[in-house]
Every structure is written in C-alpha cells, then in structure tokens.
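Notes for the one structure printed next.
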Amino acid sequence: MDIAALSRDSFTRFDLTRVPSPCFVVDEVAIERNLSILADVADRSGAQILLALKAFSMFALAPLVDKYLAGTCASGLYEARLGRQKFAGTVSTYCAGFKAADLDEIIVLSDHLTFNTPGQVSRFADQIAAARAGGDTISLGLRINPEHSEGWTEKYDPAAACSRLGTPIRQLTDADMAGIDGLHMHTLCEQGFAPLQRTWEAVEDRLTDWLPGMKWLNLGGGHHITMPDYDRAGLIALIQKITDKHGVQVYLEPGEACGLHAGVLVGEVLDVADNGMPLAITDISATCHMPDVIEAPYRPDLLGETETGTTTRIGGPSCLAGDVIGDYTTAGPLQPGQRIAFLDQAHYSMVKTNTFNGVPLPGIALWNSETDDLQMIREFSYDDFLGRLS
C-alpha cells in the first residue's frame with residue numbers, strides 16, 4: 001500500500017477553495033490508515049506503541065489515536081499535560097533537562113519518566129521519593145546513547161559526536177542503574193528497519209548485564225513503519241526476540257509515522273513577478289509554516305507538479321530573504337488568487353508554526369476523503385499573535 005500515492009490521489013479530488021488560506025487540511029482516513037498499520041505491528045509483536053506528540057499533536061483526533069495506540073510520549077510539562085488531558089493510555093515523558101519546578105506535576109501526569117543523565121536522577125531523587133511516598137507509581141527510565149550512529153545528517157542524529165541526548169554507554173556504571181526500571185534509546189530519523197537492527201546488534205551485548213533488572217525498553221522514534229517499503233516483519237521479529245530473550249516490555253514512539261502522507265498545507269498565490277525566473281509570493285511561509293524547509297533542509301512536494309511547463313520559485317510573504325519554499329514546475333504560469341497545496345504536511349509542520357513578522361498562522365481543518373465531510377477545527381487571529389508578545 002503506497003500511502004504517498006493514496007494521499008496524492010485523495011487530495012487531487014479536494015477543492016482547495018473550501019478552506020480559508022492558509023490552512024492545514026488533515027485527512028482522517030489517512031491518519032486511521034497509518035494508525036491501523038501501527039496497531040497491527042503492536043498486536044503481532046507485543047510492543048506498546050505511543051504517539052510522539054512532538055511530531056503530531058492534533059488532539060481533535062485523540063479518539064481515533066486512542067482506538068489504535070497505547071498512549072503518547074511527551075517532551076516536557078506541556079506535552080505531558082496534553083497527553084494526559086486529551087488522550088488516553090500511557091504517558092511517557094522524556095526531556096533532555098527537567099526543571100525542578102515542573103517535575104512534581106510531570107510525575108503526576110506521567111507513567112514513565114525518563115532522565116537524560118544519572119546526574120538528573122540523583123538530583124531529583126528526593127522529589128521522586130516524596131511522590132512515591134504519596135502513592136505515585138512513576139516508573140523511572142534512563143536515556144542511553146548507544147554510540148552507534150545511523151543518522152543521515154548530523155543535525156538529526158542523536159548519536160552524533162558530542163551529542164547532548166542520552167548518556168554514552170561507556171560512561172554508565174552499575175550504580176547508575178539503581179532504581180532505574182527502563183532504558184530508552186532514540187537514534188533514528190525517518191529511517192527503515194535496517195538501521196534499527198544494526199543499532200541493536202551494536203548495543204545489545206553492552207546492555208546484557210543491565211537488562212535483567214529492567215521492566216521495559218523504549219526504542220524511541222524515527223521509525224518509518226507506515227511507509228510501504230518498511231520491513232515490518234523484520235521489526236516484529238526483532239521485538240519478539242528482545243522480549244523473549246530479555247523479558248522486557250518493548251515500547252516504540254513513532255510520531256511522523258502516524259501523520260505520514262495524511263495532510264496538506266493549502267495556500268494562495270498573492271503576487272507574481274520575474275527576476276531572472278518567474279517568482280510567486282504566497283501566503284504560505286517556509287520560515288513560519290514549514291520551518292523544516294529551511295532547517296532540515298528539504299523540498300516539500302507541490303500538488304499538481306508537472307515535468308514540463310513553467311518553473312516558478314515559490315516563497316512566502318515575510319521579509320526574510322530566505323523565505324523560499326522551492327522551485328516548482330506547473331502546467332501553466334501561477335496566477336494571483338490561485339490556490340496551491342503542499343503535500344505531506346500533517347506532521348512536524350503544524351507543531352512548529354510561528355508568527356514571525358506577524359505572518360498569520362494557518363487554520364486547521366479535518367477532512368474525510370471517503371465521505372467528503374469537512375470540519376474547520378481551528379482558525380487563528382491577531383489575538384493569537386498578540387498573546388505571544390508583551
């Protein structure tokens with residue numbers, strides 16, 4: 001099942017003028033398609049699969065997520081609140097650096113609490129003890145750096161040299177494992193099964209002495225499980241092998257895999273010009289609405305691209321010179337007032353938007369590609385911009 005082709009075909013049928021511009025449109029059918037794949041992997045492997053809120057946190061779809069997944073994973077207090085208040089199931093919270101002022105509430109909200117270093121475990125021991133004395137059953141974890149790199153770019157490689165994420169295995173001692181219920185390792189980014197398998201092969205022997213004392217092992221996120229070429233059978237076999245051999249409950253935290261090829265960002269051409277090539281200014285901003293276009297960087301696909309025609313450089317309305325989305329070829333020249341849509345924008349884009357330069361935030365709509373039902377979930381205004389300033 002090619003989820004990219006299915007999504008493109010679905011949104012080709014969608015009337016882009018049905019929503020205000022700019023606007024994220026998420027297809028709940030595509031989300032459920034991804035979730036059902038993840039649920040099947042969980043059922044067949046015995047793993048617990050959690051939604052990574054950092055990638056996809058559309059809580060309007062929480063009932064659908066709750067139907068298929070075991071819970072959510074959070075990166076701090078606010079996401080832990082979101083996971084507990086809007087979703088069901090386990091809340092697993094990890095942060096590279098917790099604040100003492102936040103920790104008491106995080107403990108109440110979370111089922112798993114994963115620290116980045118043994119130093120933080122020790123520093124917050126009294127708060128943990130006090131919570132447990134009050135009846136809390138928080139399970140403690142420690143993030144490890146397996147010192148095995150599979151990253152395709154250093155910026156997104158948690159195991160890169162001098163990484164701040166996780167404690168290098170060579171630094172860990174038996175004393176560091178006192179009171180620890182689980183180990184967490186996240187080394188992947190938009191990757192298939194083979195990098196995970198190689199990472200596990202590189203690290204398993206170094207964990208053998210500690211795993212018998214653990215209740216769980218969290219293999220993090222970055223797994224492109226819902227992509228058609230992902231080796232799901234290999235993943236299931238590996239999880240079963242780990243569980244059988246080491247007696248731990250395995251957790252996975254995919255985020256992108258939940259929202260892959262499930263949404264578009266609709267925009268409008270505001271103006272056209274020419275400066276060595278055709279230019280189009282749109283109400284979609286790379287820096288405000290799709291910051292990974294600049295940070296990663298990457299080039300999102302445009303709905304309706306053609307191999308031949310007019311090639312136009314599309315950019316946003318902000319004053320940032322680099323607010324450029326990319327060069328795109330369409331059958332004819334783009335015109336002011338024309339609607340366009342960028343594909344695969346359900347994950348990461350929505351959670352990373354900002355109001356730099358006073359650029360308005362995109363609305364959020366939920367569409368059902370089978371019934372054609374459309375709901376406007378949220379529209380933003382000047383008050384949202386003002387509320388972030390002082």
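The values are calculated or read from the model by the stated rules, or taken from the named source; none is laboratory data. Computed from a predicted model, the values in this text were never measured in an experiment. Please note: Cβ atoms are built from the backbone with ideal geometry, for glycine as well, and neighbour counts cover all protein chains shown. These area figures cover heavy atoms from the full protein model, side chains too; ligands, DNA and RNA do not enter into them. Shrake-Rupley method; radii C 1.70, N 1.55, O 1.52, S 1.80 Å.
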Handout entry: Per-bin percent of Cα-Cα distances, the stretch 103-223 [5 Å]
Key = 2, 11, 21, 22, 18, 13, 8, 3, 1, 0
Exercise for the section: Find how much the distance from Thr153 to Val108 grows on full extension, using 0.36 nm per residue of separation minus their present alpha carbon separation; answer in nm with one decimal. Expected result: 12.6 nm
Exercise for the section: Return a whole-number percent for the relative contact order of the stretch 230-351, with Cα pairs under 8 Å and 6 or more residues apart as the contact set. Expected result: 31
Problem - Efficiency of FRET between Asp43 and Arg206 - r from beta-carbon atoms, R0 35 angstrom, step 0.05 - result: 0.70
Practice task
Mind grabbing the accessible area of Asp283 for me, 1.4 Å probe, Å², rounded to tens?
Solution key: 20
Exercise for the section: Calculate the tail of P(r) for the stretch 10-91: the fraction of all Cα-Cα distances greater than 19 Å, expressed in %. Expected result: 45
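Give the peptides 149-157, 309-317, 73-81 in descending order of average Cβ contacts within 10 Å, highest first. Show your work: numbers first, answer last.
Values: 149-157: 15.0, 309-317: 18.7, 73-81: 20.6.
Final packing ranking: 73-81, 309-317, 149-157.
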Exercise for the section: In Å³ and rounded to a whole number, note down the convex hull volume per residue for the Cα atoms of the chain. Expected result: 154
Practice task
Quick one: grab Rg to one decimal and Dmax as a whole number for the stretch 1-144, Cα atoms only, in Å.
Solution key: 18.5, 58
Practice task
Counting only DSSP beta bridges with both residues in the chain, tell me the antiparallel percent, nearest 5.
Solution key: 40
Problem - Computed [θ] at 222 nm, deg cm²/dmol, the chain (DSSP H ≥ 4; -39,500 (n - 2.57); rounded to nearest 500) - result: -8500 deg cm²/dmol
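Tell me, what is the FRET efficiency for Ala129 and Val29 to the nearest 0.05, using R0 = 45 angstrom and their Cβ-Cβ distance as r?
Working: r = 48 Å, r/R0 = 1.06.
Taking R0 as 45 Å, the efficiency between Ala129 and Val29 is 0.40.
Hey, with R₀ at 22 Å, roughly what FRET efficiency would Leu64 and Ala4 work out to, going by the Cβ-Cβ distance, to 0.05? Could the numbers behind the result be given before it?
Numbers: r = 21 Å, r/R0 = 0.94.
It comes out at approximately 0.60.
Please work out the Kirkwood hydrodynamic radius for the stretch 159-244, using every pair of different C-alpha atoms, and report it in angstroms with one decimal place. It would help to have the intermediate numbers written out before the result.
Details: mean 1/r = 0.0706 Å⁻¹.
Result for the stretch 159-244 stands at 14.2 Å.
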Practice task
Would you mind pulling out the separation of the Cα centroids of the stretch 187-215 and the stretch 68-130, in Å?
Solution key: 23
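How large, in percent, is the carbon and sulfur part of the accessible surface of the chain at a probe radius of 1.4 Å? It would help to have the intermediate numbers written out before the result.
Values: 8270 of 16800 Å².
Carbon with sulfur: 49 percent of the solvent-accessible area.
Multiplying the sequence separation of Ala321 and Lys215 by 0.36 nm and subtracting their Cα-Cα distance, what value in nm do you get? Don't jump to the answer; show the numbers that get you there.
Numbers: separation 106, 0.36 × 106 = 38.16 nm, distance 5.13 nm.
Going from the current span to full extension adds 33.0 nm.
For the chain, report the accessible area per residue in Å² (1.4 Å probe, heavy atoms, rounded to an integer).
Ligands and nucleic acids excluded, the figure is 43 Å² per residue.
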Handout entry: For the stretch 190-232, the spread of Cα positions along each principal axis, largest first, Å
Key = 36, 19, 14
Exercise for the section: Rank-order 248-256, 139-147, 178-186 by packing density, defined as the average count of other C-beta atoms within 10 Å over each peptide's residues, highest first. Expected result: 248-256, 139-147, 178-186
Problem - Computed lengthening from Gln171 to Asp15, 0.36 nm per intervening residue step minus Cα-Cα distance - result: 50.5 nm
